[in-house]
Amino acid sequence: MSHGNKITGGDNVRGSRPPNQLATADSAAEIHLNTQLVKTAADTHTTAEWRMVLYENRTLASAITAAVTGMLVGYPFDSLKTRMQTHHYPSLLACARRSIAEEGIHGLYRGLLPPLLTASAAKSLSFS
């Protein structure tokens, strides 16, 4: 039975711990179990096996690496180009300075995820 904020033994099936502590304990157990499963899966494959898998898929790995690198390097310039087309800046440098001052570096990469995923998929298909 509950009296205000006190919890007596009859309220909780698992014991006298509050429900939020039970959830934390259950989550910690699940995290530990998941960690053990990942370690077990990683231990079953040797370094040589991983290298063989990477070697067999080197074209795909190269295509994805090229797509991600190209997008990370080129996307800020595309972002600045778009800003210069929609607003009037005297130069690219002025546009970059104002954009970084207002939004930070992260502002130049805003909206990167969709083109990154599609470019990775398109390049990996064109390489293979």
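Out of all the residues in region 81-97, which are over 28 Å from the mean Cα position of the chain (by Cα) and surrounded by 10 or more Cβ atoms within 10 Å (Cβ to Cβ)?
Met84, His87, Tyr89, Leu92, Leu93, Ala94, Cys95
Applying the criterion of at least 3 residues that are touching a Leu at 6+ places or on another chain (Cβ under 8 Å) and modelled with pLDDT of 90 or more to the helices (runs of 4 or more DSSP H) found wholly in region 50-128 leaves 58-86, 92-103. For region 110-128, enumerate the residues that are open to solvent by less than 80 Å² (accessible area, probe 1.4 Å) and at negative phi. Leu112, Pro115, Leu116, Ala119, Ser120, Ala121, Ala122, Ser124 - these are the residues of region 110-128 that are open to solvent by less than 80 Å² (accessible area, probe 1.4 Å) and at negative phi.
The values are calculated or read from the model by the stated rules, or taken from the named source; none is laboratory data. Since we're looking at a predicted model, the values are computed, not measured. So basically every Cβ, Gly included, is an ideal-geometry build from the backbone, and we count neighbours across all protein chains shown. Only protein heavy atoms, including side chains, enter the accessible area calculation; ligands, DNA and RNA are left aside. Shrake-Rupley method; radii C 1.70, N 1.55, O 1.52, S 1.80 Å.
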